[in-house]
Amino acid sequence: MTGEKIRYREQLPTSFFISNRTALAESLQDSGVALFFAGRAPHKSADEQYPFFANRSFFYLTGIEQEESTLMMVKKDGQLRTTLFIRPRDTIAERWTGRRLSLEEASARSGIEDVRTLESRQGSLNEALGAEATLLYMDQKADDLQVQEFRKLAAEQWPGIEIKDLSARLIRMRMVKHPEEIELIRQAAALTHEGIEAIMRAIRPGRFEYQVWGAFQRALDEHGCLTPAFPSIVATGDNAFCLHYMTPYSQIKDGDLVLIDVGATVGGLNADISRVFPASGRFSERQQQIYRLVRECQETAFSSIQPGILIKEVNDACRETARKGLVALGILPEDGSAADYYWHGVSHHLGLDVHDLADREAPLEPGMVLTVEPGVYVPEWRVGIRIEDDVLVTADGCVMLSPQIPREIEEIESLMSAWKTE
């Protein structure tokens, strides 16, 4: 990669979390209490838990990735009081599961002055949800173990309090990205590019999907990105017809296509990129025909995306492009349905979650980040193509956040040919 070195451990600034809390507080009525939870990892088996991953809306408001942490926002007489509760330091526990944040470190990261240990949470809740509090705000879409436990507690201890859902407000906020988020998505796309270059170098007939999968992961490892944005997909031949293929054990054969769907994460923000590469280094005529059709669908999406339009309208335009192309190739009759070969939507929102929180009925706005991933799958030709890039919605259209990643047939063939001779 050329240019500035990617810093996987780069973090969103504290000002980002302060700004988000300030914006959310505008939705709170006086005498309202808002609670948000980091969550708790579910039990796996025996003495194991699944890896912990903080609720992304909690992270959006605090920057804290520590299990069971709780954010309380209390609005009284127009003034906002914010308290963060975290697990206390514990020498014995930390020997097994790693160092916990101190109160001072959590305060510096989140920008919240009042940070307390979890032991004090119950007393603070009793005080905040006493006689003067009339409303309890929560993210009702959150449903991890910690939230479930609190809902049961609230029903028992404060049965008369009205609970209001803040999920719609959080969705609207998260759909429009801050400049800091957009920059980290660009960096995630740049790191994904490095991984895809490693994939292209690794693809050879006779190798196995897992070897290609490993090449991508090793490239990310070099930058400290030990967990990708989502489980990587590497699918050769007919495996491409499983959209979320998760068993990369097949051997790559000469003449096969290798479909990849991969993404890196930088500072909590994600990239999501799909490409298709010919195992032999050259696309066959039929493979080229479908590839060019999918690229045409992608260009249709790029030209359709603009403020005020719905994702459904972008998808409808792409589906019609696919239908016309399939008819022209003799795959579909004139009155045929593209749904037989066009299996999924063209876009989803991207951000702290790969399939980011979104209201898909809301018109697009500048600052939103989308994937553009048309796919055409023709089992009778043994050709499945998906090409995916990430774009930022602007005032007059969209700009690509992943422009450096090879996508044209000639570029792909030239690179793979050169690397095969190394």
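Below is a table of values for the structure above.
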{"read-out": "Any hit, segment 76-83, residues being touching a Ser or Thr at 6+ places or on another chain (Cβ under 7 Å), closer than 18 Å to Ala25 by Cβ, surrounded by 20 or more Cβ atoms within 10 Å (Cβ to Cβ) and not charged (D, E, K, R)", "value": "no"}
{"read-out": "One residue from Leu364, Leu326 being more than 18 Å from Thr394 (Cα to Cα) and of a type outside the set (S, T, N, Q)", "value": "Leu326"}
{"read-out": "Filter result (farther than 13 Å from Tyr137 by Cα, surrounded by fewer than 19 Cβ atoms within 10 Å (Cβ to Cβ) and among the hydroxyl-bearing types (Ser, Thr, Tyr)) within segment 23-73", "value": "Ser45, Tyr50"}
{"read-out": "Matching residues, segment 284-316, being over 27 Å from Lys253 (Cα atoms) and crowded, with 18+ Cβ neighbours inside 10 Å", "value": "Cys297, Gln298, Thr300, Ala301, Ser304, Ile305, Ile311, Val314, Asn315"}
{"read-out": "Close pairs from segment 209-237: first without any contact (Cβ under 8 Å) to a residue 12 or more places away in the chain, partner of a type in the set (Lys, Arg) and not in a helix (DSSP H, G or I), Cβ under 9 Å, at least 6 apart", "value": "Gln211/Arg204"}
{"read-out": "Matching residues, segment 174-190, being of a type in the set (D, E, K, R), closer than 13 Å to Asp356 by Cβ and either in contact with a Pro (Cβ under 7 Å, 6 or more places away or on another chain) or part of a helix (DSSP H, G or I) (or both)", "value": "Arg174, Glu181"}
{"read-out": "Residue pairs meeting the criteria (Cβ under 6 Å; at least 6 apart or on separate chains; first closer than 16 Å to Ser107 by Cβ, in segment 69-95; second aromatic (Phe, Trp, Tyr) and in a strand (DSSP E or B))", "value": "Thr70/Phe37; Thr70/Phe85; Leu71/Phe36"}
{"read-out": "Identity of the residue in segment 74-111, over 27 Å from the mean Cα position of the chain (by Cα) and of a type in the set (A, V, I, L, M, F, W, C), that ends up nearest to Lys141 (Cα to Cα)", "value": "Val74"}
{"read-out": "Residues of segment 319-368 satisfying the condition of being closer than 30 Å to Thr62 by Cα, surrounded by 17 or more Cβ atoms within 10 Å (Cβ to Cβ) and among the small types (Gly, Ala, Ser)", "value": "Ser347, Gly351, Ala358, Gly367"}
{"read-out": "Checklist (1) touching a residue at least 60 places away in the same chain (Cβ under 8 Å); (2) in contact with a strand residue (DSSP E or B) (Cβ under 7 Å, 6 or more places away or on another chain); (3) not β-branched (Val, Ile, Thr) applied to Arg382, failing item", "value": "(2)"}
{"read-out": "Any hit, segment 95-109, residues being under 25 Å from Leu191 (Cβ atoms) and surrounded by fewer than 18 Cβ atoms within 10 Å (Cβ to Cβ)", "value": "yes"}
{"read-out": "Unique residue being modelled with pLDDT under 95 and in contact with a strand residue (DSSP E or B) (Cβ under 8 Å, 6 or more places away or on another chain) when the list is Ile185, Ile196, Ile163, Ile203", "value": "Ile163"}
{"read-out": "Selection within segment 202-248 - over 20 Å from the mean Cα position of the chain (by Cα), of a type in the set (D, E, K, R) and surrounded by fewer than 20 Cβ atoms within 10 Å (Cβ to Cβ)", "value": "Arg204, Arg207, Arg218, Glu222, Asp238"}
{"read-out": "Residue count, segment 32-57 (criterion: touching a residue at least 60 places away in the same chain (Cβ under 8 Å) and not in a loop (DSSP other than H, G, I, E, B))", "value": "8"}
{"read-out": "First in segment 386-410 and under 14 Å from Ser274 (Cα atoms), second anywhere and assigned to a loop (DSSP other than H, G, I, E, B) and of a type in the set (S, T, N, Q), Cβ under 9 Å, 6 or more apart", "value": "Glu388/Ser402; Asp389/Ser402; Asp390/Ser402; Val391/Ser347; Val391/Ser402; Gln404/Thr2"}
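The values are calculated or read from the model by the stated rules, or taken from the named source; none is laboratory data. Model, not experiment: these values are computed from the prediction. Cβ coordinates were reconstructed from backbone atoms using ideal geometry, including for glycine residues, and neighbour counts include every protein chain displayed.
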